[in-house]
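Please read the structure below before turning to the comments.
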């Protein structure tokens with residue numbers, strides 16, 4: 001069930017600048033997003049930042065098309081990791097399609113240091129309440145949560161699952177495992193940290209090949225890695241001969257989609273709230289899985305898929 005409407009508007013303070021070592025620079029993507037001149041946006045410039053993996057790119061395209069069709073002159077920046085855009089948000093970045101616990105854990109670490117007690121949990125409403133004071137310090141408004149929720153998930157080959165009798169992450173306890181995943185996986189409670197600390201898996205190496213990336217699939221399929229990182233929304237797994245393992249000890253926090261908007265920008269353009277709230281209400285995991293399959297399997301352009309779906313839903 002979609003959590004009840006909660007709007008957090010926070011006072012602006014100086015932005016916390018936290019750029020991880022080795023973070024890649026932002027790359028611009030015009031995203032077929034020239035302002036239309038109609039709608040309440042009136043051609044106002046709006047920069048959207050998103051992480052650069054297929055699901056995030058699709059959701060970013062939904063934001064891009066929706067806002068550009070409503071009169072905003074949008075620009076999309078797709079980057080490899082959250083820390084690359086959080087250094088510019090608020091500021092050079094106005095809107096971010098976020099994941100609830102993802103932004104919450106980042107802000108918690110930025111404010112309280114690495115290893116700070118977690119403020120996120122599997123409860124979306126409780127997590128939102130806990131993240132509120134951290135977001136306040138960044139001058140960010142979090143709009144409505146969506147029912148759509150994409151948590152980290154880990155996969156093995158079907159052959160490995162069958163031969164080793166593995167169906168859940170706890171079945172790997174005590175084993176030495178190479179993990180293929182995103183560069184920021186090390187130490188994270190929902191990634192390597194949880195696999196090691198909660199499940200007792202000896203992660204001997206992390207191959208930084210990307211979240212739900214073709215290279216990550218290939219590493220697991222070839223045996224270079226035994227375990228790969230993706231999300232609970234991934235239409236490619238069955239075709240690739242890969243299966244998700246059950247997170248039976250619950251290391252994944254609530255990762256509901258949530259629009260994060262610079263408070264100062266939202267105050268100047270209040271129509272953005274209703275536009276993005278309506279989008280969140282229309283999304284769930286089944287919708288995202290279907291749309292993502294069109295992009296990653298059928299090779300349609302994310303912008304075309306987004307425009308067609310938004311039109312069919314009456315959102316543009």
Of all residues in the stretch 73-106 being over 25 Å from residue 127 (Cβ atoms) and touching a helix residue (DSSP H, G or I) at 6+ places or on another chain (Cβ under 8 Å), the one that is surrounded by the most Cβ atoms within 10 Å (Cβ to Cβ): 74
Single residue of 88, 75, 98, 114 found to be touching a strand residue (DSSP E or B) at 6+ places or on another chain (Cβ under 9 Å), at pLDDT below 95 and assigned by TED's automatic domain parsing to the domain that holds residue 289: 88
Residue check for residue 34: at pLDDT below 85, part of a loop (DSSP other than H, G, I, E, B) and not assigned by TED's automatic domain parsing to the domain that holds residue 271: no
Residue under evaluation residue 266, criteria (1) within 20 Å of residue 152 (Cα to Cα); (2) buried (at least 22 other Cβ atoms within 10 Å of the Cβ), criterion not met: (1)
Contacts under 9 angstrom Cβ, first residue in the stretch 293-316 being without any contact (Cβ under 8 Å) to a residue 60 or more places away in the chain and at negative phi, partner part of a loop (DSSP other than H, G, I, E, B) and buried (at least 18 other Cβ atoms within 10 Å of the Cβ), 6 or more apart: 293/235; 294/235
1 or more residues over 30 Å from residue 88 (Cβ atoms) and at pLDDT 95 or above: qualifying strands (runs of 3 or more DSSP E) within the stretch 140-206: 152-157, 176-181
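The values are calculated or read from the model by the stated rules, or taken from the named source; none is laboratory data. Keep in mind that what you see is a predicted model, and the values were worked out from it rather than measured. Backbone-built Cβ (ideal geometry, glycine too); neighbour counts: all protein chains shown.
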